[in-house]
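> Mind looking over this structure? Questions follow.
The values are calculated or read from the model by the stated rules, or taken from the named source; none is laboratory data. This is a predicted model, so every value here is computed, not measured. All Cβ positions, even for glycine, are placed from backbone atoms using ideal geometry, and neighbour counts span all protein chains on display.
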Amino acid sequence: MPNHIPPVAAADPAAAFTRLLTILDTLRSECPWDKKQTMETLRHLTIEETYELSDAILEGDMTEVKKELGDVMMHLVFYARIASEKGEFDILEVLNGVCDKLVNRHPHIYGDVEVNSEEDVKRNWEQIKLREGNKSVLGGVPASLPALVKASRIQEKARGIGFDWENKTQVWEKVEEELQEFKEEFNVVENSAIDVEKAESEFGDLLFSLINYARFININPENALEKTNKKFIKRFQYLESKAHENGKALQDMTLAEMDVYWNEAKKL
């Protein structure tokens, strides 16, 4: 006999969450695929779902955002279910743990601490984390983060305890300094060898300083670069489409011919 499907919970978040828990329990017990899953096998799928959510957010597609949020939520519940089977923790401990952390790290809301700005909140947050046992302000930055995102998080956390430039002019001067140092690595006699390792190091310094400047003018560098990636993809696919319409292959076209379609794409 098929299992009874839990009813949709109208206007009741707690009931809706319980419905998800019930369905995951049933699937874990009876579905051959769900039975086999471990935290390790789910990990790469969760990363994929997170990137799909990120794409939907950048596209401003709220229908997709809603769907991807559901997928991510399902994964989180799945991890808690697996942990509970091993006697490690359950979903109640997860939810109560994050609630306790939020209350503890917002003493200006749940205590008598006074703050005057967002920066005060961030500074308190990092100081509280250190009191909770973190050995370093930067200890909470995941080692596996993509380098661009990691640079942003490192800079934000350093700023949280007051280690930062005073104004954006200083940061831009640092960008120009790093750009000059990078250029100097290629200012060599023609045909002489370039010290690739040194050039790579200087390029990294330049990127880090540009990310720092972006932070000062409230630009998210990850979002900015991804939007440029998407813009390039759309323009390049337009170029491919127009070439195909005219019976041409890109590899057989001159750069000048391709530029005609590229400029059309830019106008669009």
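> For segment 192-268, which fully contained helices (runs of 4 or more DSSP H) count at least 2 residues that are in contact (Cβ under 8 Å) with a residue 40 or more places away in the chain and closer than 23 Å to SER152 by Cβ?
In segment 192-268, 196-216, 221-245 are the helices (runs of 4 or more DSSP H) which contain 2 or more residues that are in contact (Cβ under 8 Å) with a residue 40 or more places away in the chain and closer than 23 Å to SER152 by Cβ.
> Go through segment 26-53 residue by residue and tally those that are of a type in the set (D, E, K, R) and surrounded by 13 or more Cβ atoms within 10 Å (Cβ to Cβ).
4
Conditions (1) out of contact with any strand residue (DSSP E or B) (no Cβ under 7 Å at 6 or more places or on another chain); (2) small (Gly, Ala, Ser); (3) free of Cβ contacts under 8 Å to residues at least 24 places away in the same chain; (4) assigned to a helix (DSSP H, G or I), marked per residue:
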| residue | (1), (2), (3), (4) |
| --- | --- |
| ASN124 | yes, no, yes, yes |
| ILE128 | yes, no, no, yes |
| LYS135 | yes, no, yes, no |
| ALA143 | yes, yes, yes, no |
| GLN155 | yes, no, no, yes |
| ALA158 | yes, yes, yes, yes |
| GLY162 | yes, yes, no, no |
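> Kindly indicate whether GLN251 is more than 29 Å from the chain's Cα centre (by Cα) and not aliphatic (A, V, I, L, M).
So GLN251 passes the test.
> Might you check whether a residue that is at pLDDT 95 or above, touching an Asp or Glu at 6+ places or on another chain (Cβ under 9 Å) and under 30 Å from ARG105 (Cβ atoms) occurs anywhere in segment 144-157?
No.
Per-residue answers, yes or no, for (1) aliphatic (A, V, I, L, M); (2) under 14 Å from MET73 (Cα atoms); (3) modelled with pLDDT of 95 or more:
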position	(1), (2), (3)
ASN3	no, no, no
PRO6	no, no, no
PRO13	no, yes, no
ALA16	yes, yes, no
LEU27	yes, no, yes
ASP34	no, no, yes
GLN37	no, no, yes
LEU42	yes, yes, yes
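> Taking VAL103 as the residue in question, decide whether it is part of a helix (DSSP H, G or I), within 30 Å of GLU48 (Cα to Cα) and β-branched (Val, Ile, Thr).
no
> Kindly indicate whether any position in segment 194-206 is touching a helix residue (DSSP H, G or I) at 6+ places or on another chain (Cβ under 7 Å), exposed (fewer than 14 other Cβ atoms within 10 Å of the Cβ) and within 20 Å of TRP165 (Cα to Cα).
no
> What single numbered condition from (1) of a type in the set (S, T, N, Q); (2) more than 27 Å from the chain's Cα centre (by Cα); (3) surrounded by 14 or more Cβ atoms within 10 Å (Cβ to Cβ) fails to hold for GLN127?
Checking GLN127 against (1) of a type in the set (S, T, N, Q); (2) more than 27 Å from the chain's Cα centre (by Cα); (3) surrounded by 14 or more Cβ atoms within 10 Å (Cβ to Cβ), the one that fails is (2).
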